[in-house]
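Working notes, structure below.
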Amino acid sequence: MSLFTPLSWNDTGFILTGILNTIYISVLAISVGTVLGLMIGFIRSVSTQSINFVLGSILDVLRIVPLIIQLILFSTFVGIMGHPLPPFASGSIILSLYTMAFMTEVFRAGFDNVSKSMGIAARSLGMTYWQSMRYIVLPIGMKSVFPSWMGVALSVIKDSALVSVIGYMELLRTSEQLITRTQQPLEILLGVGLFYFIISYPLSTFGRYMEKKMAI
């Protein structure tokens, strides 16, 4: 009897689970990372040099240390502390923080791109500080950061494959198990690459469309 079995339609559900898990953790990380990045980016744009130094140092660690090392260290650390987390929870936390580190700089650049004179002009027209932020700074700043935001989001979708190292059953990990069972690496990896292309290319195309539309 052969130790290996070929791919079959019975594997569809297993592959679909990996695809859905990849989409789930990517959407969660991008959403949380965007919200946190927007808040911290704003704080960095209005804070003093000392506060910026502290925040910048923390964000530099998150950006510079490879994601795969962050995932392994965090998962190991919480386990040693006696509070092990499921792979999805550990992966979501680290991937969200990793996304936040990049999104923060994206949004900070957007805030800094809006000249101070616009805010002063808005205040002279009777707007409050938060009204000037809502109607002047945010619309202008977010228009300039959208291409960068889209680039980070696409990168996170691909980087989500690294969460497989801590046991999360996303697409790459399910494909590894299928390869071990079927010994058909070429077909399976081509399918995985095709999935990432199907997800990323429409988003990239949409991003270019929105960028042109906002430039009008």
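The values are calculated or read from the model by the stated rules, or taken from the named source; none is laboratory data. Computed from a predicted structure; not experimentally measured. Reconstructed Cβ throughout: ideal geometry from the backbone, glycine too, with neighbour counts over all protein chains shown.
Among the criteria (1) at pLDDT 90 or above; (2) surrounded by 13 or more Cβ atoms within 10 Å (Cβ to Cβ), the one T17 does not fulfil is (1).
Condition first: in contact (Cβ under 8 Å) with a residue 24 or more places away in the chain, of a type in the set (S, T, N, Q) and either touching an Asp or Glu at 6+ places or on another chain (Cβ under 7 Å) or farther than 18 Å from L36 by Cα (or both). Now tell me which residues in the stretch 52-101 satisfy that. Q70, S75 - these are the residues of the stretch 52-101 that are in contact (Cβ under 8 Å) with a residue 24 or more places away in the chain, of a type in the set (S, T, N, Q) and either touching an Asp or Glu at 6+ places or on another chain (Cβ under 7 Å) or farther than 18 Å from L36 by Cα (or both).
Annotation: of all residues in the stretch 101-143 being of a type in the set (S, T, N, Q) and surrounded by fewer than 16 Cβ atoms within 10 Å (Cβ to Cβ), the one that is modelled with the lowest pLDDT is S115.
Name the residues in the stretch 168-191 that are among the β-branched types (V, I, T) and either in contact with a Pro (Cβ under 7 Å, 6 or more places away or on another chain) or modelled with pLDDT of 85 or more (or both), would you?
Passing the criteria: T174, I179, T182.
Look at (1) in contact with a helix residue (DSSP H, G or I) (Cβ under 8 Å, 6 or more places away or on another chain); (2) at pLDDT below 95 and you find that N10 fails only one, number (1). Scan the stretch 45-100 for residues that are of a type in the set (S, T, Y), surrounded by 18 or more Cβ atoms within 10 Å (Cβ to Cβ) and farther than 24 Å from S148 by Cβ and report the count. Counting residues in the stretch 45-100 that are of a type in the set (S, T, Y), surrounded by 18 or more Cβ atoms within 10 Å (Cβ to Cβ) and farther than 24 Å from S148 by Cβ gives 2.
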